[in-house]
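I have placed the structure first, in the form of structure tokens, so that the comments after it can refer back to it.
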Amino acid sequence: MTRVVAQGTFDLLHPGHVYYLRDAAEMGEQLHVIIARSENVTHKASPVIPDEQRREMVAALKPVDEAHLGHPEDIFIPIERIDPDVIALGYDQHHEEERLQAALSERGIDCEIRRASPLDRSDPDRLLATGDIIERVLAERGD
């Protein structure tokens, strides 16, 4: 059985998240998703939704077999426990594949890294990022 790991923040679920997870699920037979803990999100604004609630929402999605919270200190611990065959990175996630592969090798984790395919962004009304959703809410409902 091919185990796939996808990971992300998954704050304010949107069609981009669903697309990424569907694409990741097609890379194997079992999809595990690691949800980043708020304290570990350093490359963008901290999540609005609490950790466990984000995990519950991701777990409820059809493509997901298991959803896990990331480790508070070591992001590789859940990956070691899951022992994936594939790590599926989102099309626009900030990870550098070469650095990730080197870190996995140092930990003795042997798996393939793949990028999810890009989502069609031609429809300007389609909200495909948490930041876009927040901006729209503030523009339409902010005081």
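No lab work stands behind these numbers, since they all come straight from the coordinates. Note that the coordinates shown come from a computational prediction; the quantities given were computed from them, not determined experimentally. In this analysis, Cβ positions are derived from the backbone assuming ideal geometry, glycine residues included, and neighbour counts consider all displayed protein chains.
The alpha carbon centroids of region 46-96 and region 20-36 are separated by 9 Å. Residues whose amide H falls under 5 Å from that of ALA6, counting only those 5 or more places apart or on a different chain, are HIS32, VAL33, ILE34, ALA88, with hydrogens built in the peptide plane. For region 112-125, backbone phi angles converted through the Karplus equation (6.51, -1.76, 1.60; θ = phi - 60°) give residue-by-residue couplings of 8, 10, 10, 9, 5, 6, x, 9, 5, 10, 6, 8, x, 8 Hz, Gly and Pro being listed as x.
Helical content alone sets the calculated 222 nm signal of the chain at -10000 deg cm²/dmol, taking -39,500 (n - 2.57) per DSSP H segment of four or more residues and averaging over every residue. A cut-off of 5 Å between modelled amide H atoms, ignoring neighbours fewer than 5 places along the same chain, links ALA116 with LEU89, GLY90, TYR91. Taking only the C-alpha atoms of region 6-143, Rg followed by Dmax gives 15.3, 52 Å.
Please compute the contact order of the chain in relative form: average sequence separation of alpha-carbon pairs under 8 Å and at least six residues apart, divided by the residue count, as a percent. Relative contact order of the chain: 28 percent.
Footprinting exposure proxy ranking of ILE34, ILE133, fewest other C-beta atoms within 10 angstrom first, gives ILE133, ILE34.
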